[in-house]
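Peer 1: Have a look at this one.
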Amino acid sequence: MNSVVCISQVPDTEARIKIASGNRQIEEAGIKFIVSPYDEYALEAAIRLKEAKGGEVTVISFGPDRVAQALRECLARGATGAVHVKGDLSDIDSFGIARVLAAAIREVPHDVVLFGKLGVGTDNSLVGPMVAELLGYPQINVITHMEPGEGKVTAHREIEGADEVIEASLPVVLTAQKGLNEPRYASLKGIMAAKKIPIDTKTPTDLGLSEQDLAPKVKITSLELPPEKQPGRKIEGSDPAAAAAEILRYIRDEAKAL
Amino acid sequence: MSAVLVVCEIRDGKLTKPSREALSVGRRLAGQTGGELLAAAFGPGAASVAPETGKLGASKLYAVPHESLKAYSTEGMTAALAEVIAQTQPAVVLLGGSSDGRDLAPRIAARLDAGVASDVTSLEWADGKLTARRPVYSGRAFATVEVLSTPAIATCRPNAFPAEESGDPASEVVEVTHEPVEAKARLLESRSPEAGEMTLAEADIIVSGGRGLKEAENFSYIRDLAHAIGGAVGASRATVDAGWIDHQHQVGQTGRVVGPNLYIAAGISGAIQHLAGMSTSKHIIAINKDPEAAIFRVADLGVVGDLFTILPVLTEEVRKAKAN
Ligand SMILES: Cc1cc2nc3c(=O)[nH]c(=O)nc-3n(C[C@H](O)[C@H](O)[C@H](O)COP(=O)(O)OP(=O)(O)OC[C@H]3O[C@@H](n4cnc5c(N)ncnc54)[C@H](O)[C@@H]3O)c2cc1C
Ligand SMILES: Nc1ncnc2c1ncn2[C@@H]1O[C@H](COP(=O)(O)O)[C@@H](O)[C@H]1O
């Protein structure tokens, strides 16, 4: 069973975000970039599929030069091939990304196409289902469990207060939620082996996509930091009764939640 | 081409809260586009919510009552919604930010060659364009985006828009026929492991516990207060990773992003990844014994003290207050 995993490289979850001049993007200097946390679950699921059933695991990322580093990391963890579609993402929207990824996915063998349920940073949760639609595949979104079958997979989709068990025919798009698995770290051996695997580099043009195809339908016009929150009141709570009374007053009179 | 169409979800015969919120912001937007507010509902009970959608300002309810839409399925719903959109030609399509809304929005967008602003906290229509504000980088920044396609699609962040009833009469029901599709994915079963527990997404009040609880059993301190006050139970990742509670309860960057009216955090230090999931809550109360804990930076009311002594008294006080 062959898998493709789409990898987005994002600022470290602890990074302090600064806005670059122009007020449309973040300042990238000094920021550490990582593989988006949900994409790690997606990759781990693909590697386990390979271990159980054989097949290839191809990781694909669309982005500037720096994303090659993220792809290397995935190779070190067990991906067997990597495609880097080079491009500047600053004026590309989710649909443009989905178009590029769909075209790149078509060129590699796949039964299962995995995404993170959300790219940490863009916080969109759009690209996976958009690719599914472009390719005409079924999708199972926000999965916490998956089992491959003959020509199909069964996965658990997390919704409000319930888990849905969904079966879909292959090829299928799956988006990974926390809980799907525990991602492994790269081993030294993996890191060494990864160095020998070439990254297949191409451009959207190589994939047959024109500038027109990638024209954004959603445009960021400005980016700003959230308003600094005024620090609230702090009280001493060594007397539980007094503390509880003050909390209750706040809940009733200020939050109006009683 | 100036209508605003709101995709409605029905649970137990009623509109869900995210749908009510989407209708409310949709009504305001329709005022700006100069078009009608339209609702769409799916499945056998679809037409029955007409009084509710009417009260929230929708002049018409497009009901697709086909039996095959009884339970949500991506492919079935995408086809059915595409039919309604073809009939109504809206300028804007809004969905609630529920699991199903977020599953459907990108799929229908790709089908229609349209753009989506997801998880928006404010929406305006100006100069013939939909402009949205949305949190990015887990709330560490806010982006203003324009959606340039027709229709322009958006999913509304739960709790960001108050549901406001106008008291209008029931929507006029327009029945839409649907050709069921040959779906490649099908629902085998739906399991609710914690039936009866309120889910984070829809809760107005969330009481969350962290590693300060010391052990799994002590989540009872959190549950008792949550039940007394009528809220949902939240948790930090540290407690989820320790196996004290199911990850459905996790709040934060790799859990649920929530924005309830009231968020009470007890024994949670306030790591940036936790704050990312709750800092937009309207009112935040933190109880922590460490006066330097980062959670106090976002708390409206911070209580420096021991959760084990304070929570039981508070729970009792809340019970008494509720009884009166
Ligand atoms: C990629 C990534 C994603 C992450 N995603 C999330 C996420 O989604 N959600 C999340 O929560 N975390 C997330 N984390 C983890 C996060 O960094 C913290 O480790 C975690 O939030 C800490 O949980 P905690 O506050 O319960 O525990 P701790 O940090 O150990 O804090 C426990 C607190 O309890 C207080 N305390 C102890 N005893 C008492 C008492 N008797 N009374 C009152 N207070 C007491 C202590 O003073 C302390 O402040 C993520 C981390 C990474 C790297
Ligand atoms: N530029 C990209 N290259 C490869 N995969 C991506 C890219 N952007 C997003 N993805 C994938 O799509 C998922 C959802 O991203 P988003 O829709 O931005 O929240 C991510 O978790 C990745 O799996």
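The values are calculated or read from the model by the stated rules, or taken from the named source; none is laboratory data. These numbers were taken from a predicted model, which means no experiment stands behind them. Virtual Cβ from ideal backbone geometry, glycine too; neighbours counted across all protein chains shown.
Peer 1: Which of the following residues is within 13 Å of chain B (Cβ to nearest Cβ), among the charged types (D, E, K, R), more than 16 Å from the chain's Cα centre (by Cα) and within 16 Å of ligand 1 (Cβ to nearest atom): A:GLU14, A:GLU28? I'd like the intermediate steps shown before the answer.
Peer 2: Working: A:GLU28 fails: within 16 Å of ligand 1 (Cβ to nearest atom).
From the options A:GLU14, A:GLU28, the qualifying one is A:GLU14.
Yes/no per residue for (1) over 18 Å from B:ILE108 (Cβ atoms); (2) in contact with a Phe, Trp or Tyr (Cβ under 7 Å, 6 or more places away or on another chain); (3) modelled with pLDDT of 90 or more:
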| site | (1), (2), (3) |
| --- | --- |
| B:ALA126 | yes, no, yes |
| B:GLU146 | yes, no, yes |
| B:GLU172 | yes, no, yes |
| B:VAL176 | no, yes, yes |
| B:ALA183 | no, no, yes |
| B:LEU187 | yes, no, yes |
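Peer 1: If you scan the stretch B:288-305, which residues turn out to be facing chain A (nearest Cβ under 7 Å) and not small (Gly, Ala, Ser)? Talk me through it step by step, then tell me what you get.
Peer 2: Start the filter on the stretch B:288-305 by keeping residues that are facing chain A (nearest Cβ under 7 Å), which leaves B:296-305.
Selection gives B:PHE296, B:ARG297, B:VAL298, B:ASP300, B:LEU301, B:VAL303, B:VAL304.
Peer 1: Provide a single number: the residues in the stretch B:101-153 that are of a type in the set (Lys, Arg), facing chain A (nearest Cβ under 7 Å) and without any contact (Cβ under 8 Å) to a residue 40 or more places away in the chain.
Peer 2: Of all residues in the stretch B:101-153, those of a type in the set (Lys, Arg) come to B:102, B:107, B:111, B:129, B:133-134, B:140.
Still in the running and facing chain A (nearest Cβ under 7 Å): B:102, B:107, B:111, B:140.
Add one more test, that the residue is without any contact (Cβ under 8 Å) to a residue 40 or more places away in the chain, and what stays is B:107, B:111.
Result for the stretch B:101-153: 2.
Peer 1: Every residue in the stretch B:16-52 that is in contact with a Cys (Cβ under 7 Å, 6 or more places away or on another chain) and over 18 Å from B:ALA154 (Cβ atoms), please.
Peer 2: B:ALA41, B:VAL49
Peer 1: Which one is farthest from ligand 1 (Cβ to nearest atom), of the residues in the stretch B:260-274 that are buried (at least 21 other Cβ atoms within 10 Å of the Cβ) and closer than 17 Å to B:ARG157 by Cα?
Peer 2: Just the residues of the stretch B:260-274 that are buried (at least 21 other Cβ atoms within 10 Å of the Cβ), to begin with: B:260, B:262-268, B:270, B:274.
If we keep only those that are closer than 17 Å to B:ARG157 by Cα too, we end up with B:260, B:262-263.
On the way: B:PRO260: 16, B:LEU262: 18, B:TYR263: 12 Å.
This residue is B:LEU262.
Peer 1: Output the number of residues of the stretch A:125-147 satisfying the condition of being within 16 Å of ligand 1 (Cβ to nearest atom) and either of a type in the set (Phe, Trp, Tyr) or assigned to a strand (DSSP E or B) (or both). Outline the logic, then answer.
Peer 2: First pass over the stretch A:125-147, keeping only residues within 16 Å of ligand 1 (Cβ to nearest atom): A:125, A:142, A:144.
Those left that are additionally either of a type in the set (Phe, Trp, Tyr) or assigned to a strand (DSSP E or B) (or both): A:142, A:144.
Going through the stretch A:125-147 one residue at a time, the tally reaches 2.
Peer 1: Looking only at the stretch A:35-45, decide whether some residue is out of contact with any Cys (no Cβ under 9 Å at 6 or more places or on another chain) and more than 26 Å from B:ARG157 (Cα to Cα).
Peer 2: Yes; the residues of the stretch A:35-45 include at least one that is out of contact with any Cys (no Cβ under 9 Å at 6 or more places or on another chain) and more than 26 Å from B:ARG157 (Cα to Cα).
Peer 1: Additional query: Are any of the residues in the stretch A:110-121 within 14 Å of chain B (Cβ to nearest Cβ), on the phi > 0 side of the Ramachandran plot, among the small types (Gly, Ala, Ser) and within 16 Å of ligand 1 (Cβ to nearest atom)?
Peer 2: Keep residues of the stretch A:110-121 that are within 14 Å of chain B (Cβ to nearest Cβ), which gives A:111-113, A:115-121.
Within this subset, residues satisfying the condition of being on the phi > 0 side of the Ramachandran plot are A:121.
This time we only want the ones that are among the small types (Gly, Ala, Ser), so: A:121.
From what is left, the residues that are within 16 Å of ligand 1 (Cβ to nearest atom) are A:121.
For the stretch A:110-121, residues within 14 Å of chain B (Cβ to nearest Cβ), on the phi > 0 side of the Ramachandran plot, among the small types (Gly, Ala, Ser) and within 16 Å of ligand 1 (Cβ to nearest atom): present.
Peer 1: Name the strands (runs of 3 or more DSSP E) wholly within the stretch B:164-254 that hold at least 1 residues that are within 16 Å of ligand 1 (Cβ to nearest atom) and within 13 Å of chain A (Cβ to nearest Cβ)? It would help to see each step written out before you state the result.
Peer 2: On the way: elements: B:172-175, B:185-191, B:205-209, B:232-235.
The qualifying strands (runs of 3 or more DSSP E) are B:205-209, B:232-235.
Peer 1: Only residues in the stretch B:307-320 that are more than 7 Å from chain A (Cβ to nearest Cβ) count as the first member; pair them with residues that are within 16 Å of ligand 2 (Cβ to nearest atom), Cβ under 8 angstrom, at least 6 apart or cross-chain, and list the lot.
Peer 2: No pair meets every condition.
Peer 1: Take the stretch B:242-257 and flag every residue that is buried (at least 21 other Cβ atoms within 10 Å of the Cβ), modelled with pLDDT under 90 and more than 16 Å from ligand 2 (Cβ to nearest atom).
Peer 2: B:GLN248
Peer 1: Additional query: So, in the stretch A:43-76, of the ones that are surrounded by fewer than 24 Cβ atoms within 10 Å (Cβ to Cβ) and within 16 Å of ligand 1 (Cβ to nearest atom), which residue ends up nearest to the other protein chains (Cβ to nearest Cβ)?
Peer 2: Filtering first and then ranking leaves A:GLU44.
Peer 1: Let me ask something else. Taking the stretch B:258-283 as the search range and keeping residues that are part of a strand (DSSP E or B) and more than 9 Å from chain A (Cβ to nearest Cβ), which one is nearest to ligand 2 (Cβ to nearest atom)?
Peer 2: Across the stretch B:258-283, the extreme among qualifying residues is B:TYR263.
Peer 1: Within the stretch A:142-159, track down each residue that is out of contact with any Leu (no Cβ under 8 Å at 6 or more places or on another chain) and either facing another protein chain (nearest Cβ under 8 Å) or crowded, with 17+ Cβ neighbours inside 10 Å (or both). Show your work before the answer.
Peer 2: Start the filter on the stretch A:142-159 by keeping residues that are out of contact with any Leu (no Cβ under 8 Å at 6 or more places or on another chain), which leaves A:142, A:147, A:149-150, A:156-159.
Scanning the stretch A:142-159 gives A:VAL142, A:HIS156, A:ARG157, A:GLU158, A:ILE159.
Peer 1: Could you tell me which of the residues A:LEU170, A:LEU135 is within 15 Å of ligand 2 (Cβ to nearest atom) and either facing another protein chain (nearest Cβ under 7 Å) or surrounded by fewer than 23 Cβ atoms within 10 Å (Cβ to Cβ) (or both)? I'd like the intermediate steps shown before the answer.
Peer 2: Details: A:LEU170 fails: within 15 Å of ligand 2 (Cβ to nearest atom).
Within the list A:LEU170, A:LEU135, the selection yields A:LEU135.
Peer 1: As an exercise: evaluate B:TYR263 against (1) among the aromatic types (Phe, Trp, Tyr); (2) under 19 Å from A:TYR250 (Cα atoms); (3) without any contact (Cβ under 8 Å) to a residue 40 or more places away in the chain and give the number of the one condition it does not meet.
Peer 2: (3)
Peer 1: Within the stretch A:206-258, restricting attention to residues that are basic (Lys, Arg) and assigned to a helix (DSSP H, G or I), which residue is farthest from the other protein chains (Cβ to nearest Cβ)?
Peer 2: We begin by selecting, within the stretch A:206-258, every residue basic (Lys, Arg); these are A:217, A:219, A:229, A:233-234, A:249, A:252, A:256.
Then drop every residue that is not assigned to a helix (DSSP H, G or I), which leaves A:249, A:252.
On the way: A:ARG249: 9, A:ARG252: 7 Å.
Filtering the stretch A:206-258 for residues that are basic (Lys, Arg) and assigned to a helix (DSSP H, G or I), the one farthest from the other protein chains (Cβ to nearest Cβ) comes out as A:ARG249.
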